[in-house]
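Here's the structure we're looking at; comments come further down.
The values are calculated or read from the model by the stated rules, or taken from the named source; none is laboratory data. Since this is a predicted model, take the numbers as computed values, not measurements. Backbone-built Cβ (ideal geometry, glycine too); neighbour counts: all protein chains shown.
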């Protein structure tokens, strides 16, 4: 499975799922504040009378929880290609059984991580071919891309300070060296540069409410 690095891969937006729903994803390095912003957005969308489905990858389904345990907490080495395939397997099942049906019902899906994380972490971070990783996820999801992807950008050193302050055990990816996380950050920024119409890039150092307001503005445009 290969891709032409000179040609960006385009795919249908969530509207292709067959309904008036919306598919929104939050991306960024560990410690960037994705969960906080997803929660604030969920609360706001509900005040507009829309049904919200909050989910995540990996682990948005019962099967996904088993895969999450492997990819984030397995003791010992996992080959980078095997890791990428595990994430793709979780994603294929999650989109088919949870996200597409929700969008078809007209729900607003707010998701923590999606295929851009695979391109950044397994592509840039693990130094696999980013086009191959992206093509794998597009095949696994039958070409589904979000209507909006919010990228919370944060320097890896600042992110590590946040994670240290949280005082909880690191998972396999959080425990990687700063050089790994620097590659991941550059991977995310490259993806955003390639698709400015889909991405909203925000400086994660800003106050949470300031970030939330900018996210709400972007979502309001898409909700109509």
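Annotations
- Among the candidates 120, 124, 159, the residue that is at pLDDT 95 or above, more than 24 Å from residue 218 (Cα to Cα) and surrounded by 15 or more Cβ atoms within 10 Å (Cβ to Cβ) is uniquely 124.
- Among the numbered conditions (1) part of a loop (DSSP other than H, G, I, E, B); (2) at pLDDT 95 or above; (3) farther than 25 Å from residue 81 by Cβ, the only one that residue 145 does not meet is (3).
- Taken together, the criteria exclude residue 216 from residues that are farther than 17 Å from residue 124 by Cα, surrounded by 13 or more Cβ atoms within 10 Å (Cβ to Cβ), modelled with pLDDT under 95 and over 15 Å from the mean Cα position of the chain (by Cα).
- Looking across region 155-176 at every residue that is touching a residue at least 60 places away in the same chain (Cβ under 8 Å) and touching a helix residue (DSSP H, G or I) at 6+ places or on another chain (Cβ under 8 Å), the one that is farthest from residue 215 (Cα to Cα) is identified as 172.
- Each residue in region 178-217 was checked for being part of a helix (DSSP H, G or I), under 18 Å from residue 116 (Cα atoms) and free of Cβ contacts under 8 Å to residues at least 12 places away in the same chain, and 1 pass.
- Members of region 94-112 found to be in contact (Cβ under 8 Å) with a residue 40 or more places away in the chain, crowded, with 20+ Cβ neighbours inside 10 Å and in a helix (DSSP H, G or I), listed by number: 95, 99, 100, 102, 103
- Looking only at region 2-32, and only at residues there that are at positive phi and surrounded by fewer than 22 Cβ atoms within 10 Å (Cβ to Cβ), the one that is modelled with the highest pLDDT: 31
- Flag for residue 91 being farther than 30 Å from residue 210 by Cα, at pLDDT 95 or above and surrounded by 15 or more Cβ atoms within 10 Å (Cβ to Cβ): yes
Here's the yes/no breakdown for (1) touching a strand residue (DSSP E or B) at 6+ places or on another chain (Cβ under 9 Å); (2) within 26 Å of residue 130 (Cβ to Cβ):
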{"position": "185", "(1), (2)": "yes, yes"}
{"position": "193", "(1), (2)": "yes, yes"}
{"position": "198", "(1), (2)": "yes, yes"}
{"position": "202", "(1), (2)": "yes, yes"}
{"position": "206", "(1), (2)": "no, no"}
{"position": "212", "(1), (2)": "no, no"}
{"position": "218", "(1), (2)": "yes, yes"}
{"position": "223", "(1), (2)": "yes, no"}
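- Condition check for residue 39: surrounded by fewer than 16 Cβ atoms within 10 Å (Cβ to Cβ) and free of Cβ contacts under 8 Å to residues at least 60 places away in the same chain: yes
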